[in-house]
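Structure record follows, encoded as structure tokens.
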Amino acid sequence: MMAWMLRTGQGPAHPISGTRPGMAVPEGVGRARGRKVCRVPGVLGGVAALLALACGVGVAHGAEGAVSAAAGAHGASTPGSQAQAQVPRQGGGGDPSRTDDVAAAGGSSWRRVAGVFSPPGSFVPSDALTYDTRLVPAGARIEVTQLAGPSATRVGVRLRGLVPRRAYGMHVHTSPCGADPVAAGPHYQHRPAATADPDNEVWLDFRTDEAGDGRAEALHDWGFREGGARSVVIHDRQGGAGERVACFTVPFGPPGPVE
């Protein structure tokens, strides 16, 4: 069984919009402004990632190279398969700050979900909940991506607006977020076990940079069970435990067609 986890160090994180500092934006494609998210380029990027996974080709860049290449190496070989992208959806479960981008190609699927944190019971409902605004301020942003193939799953997270230069823990959990931090349930485990283990679970520990931005990725050679993984939880310290300071509901799932 293989598993990789990429932790962040000091340095700028990628923007939530999906573009990189200095990257030219093609003519006709809008940039993200304010609280809006530029979603169409994300779908195109997801289609490209799916084609790379389906054809066994890894597209590497920067520190993500090892993870991206590994994802391609363990993808199913389906030459000639065509990617099918679903129209991006904004909002989910009544959350106007949430955006969902989804795409599918052959037996693989890609999803990107973004949200803005707010405390439980806020006037505007949110699927991203902060239980400790000192560590995860209201208005902080999160983006989660899942690239799922027949023999590999990659989960990535990007965050903005947290406490600068601080270590956080993060794991995939079994249930959706709720007003009570325990609502998210325990860590998702590939095989039921009595102990926390990064090979058997999805650990996304990260450290923020001087701007309070952070990112992490995890790659496993197994996939999620249908309905078994429903959120990511941010903890106040790294490792297998820690206080739950924030939660974001994410519909993880096995590879296949998107709804």
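Only the coordinates and a few stated rules stand behind these numbers; no lab work does. What you are looking at is a predicted structure, and each value in this text was computed from that prediction instead of being measured. Glycine also receives a Cβ, built like all others from the backbone with ideal geometry; neighbour counts cover every protein chain displayed.
Below are the figures for this structure:
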item	result
Tally, over segment 207-259, of residues that are among the acidic types (Asp, Glu), touching a helix residue (DSSP H, G or I) at 6+ places or on another chain (Cβ under 9 Å) and within 16 Å of Asp132 (Cβ to Cβ)	1
Residue selected from segment 111-127 under the condition hydroxyl-bearing (Ser, Thr, Tyr) and outside any strand (DSSP E or B), by the criterion nearest to Ala184 (Cα to Cα)	Ser126
From Thr174, Thr195, Thr145, residue being surrounded by fewer than 18 Cβ atoms within 10 Å (Cβ to Cβ), within 12 Å of Phe252 (Cβ to Cβ) and not hydrophobic (A, V, I, L, M, F, W, C)	Thr174
Count of segment 128-161 residues which are part of a strand (DSSP E or B) and closer than 14 Å to Ser231 by Cβ	8
Condition met for Val202 (among the β-branched types (Val, Ile, Thr), touching a Phe, Trp or Tyr at 6+ places or on another chain (Cβ under 8 Å) and either surrounded by fewer than 17 Cβ atoms within 10 Å (Cβ to Cβ) or within 20 Å of Asp101 (Cα to Cα) (or both))	no
Cβ-Cβ under 8 Å pairs, at least 6 apart or on other chains, segment 140-169 side under 25 Å from Ala241 (Cβ atoms), far side outside any strand (DSSP E or B) and among the basic types (Lys, Arg)	Val163/Arg134; Ala167/Arg237; Tyr168/Arg237; Gly169/Arg237
Residue list for segment 202-237, restricted to those being closer than 20 Å to Ile142 by Cα, in a loop (DSSP other than H, G, I, E, B), out of contact with any Asp or Glu (no Cβ under 6 Å at 6 or more places or on another chain) and not small (Gly, Ala, Ser)	Val202, Leu204, Asp205, Thr208, Asp209, Glu210, Asp213, Arg230, Arg237
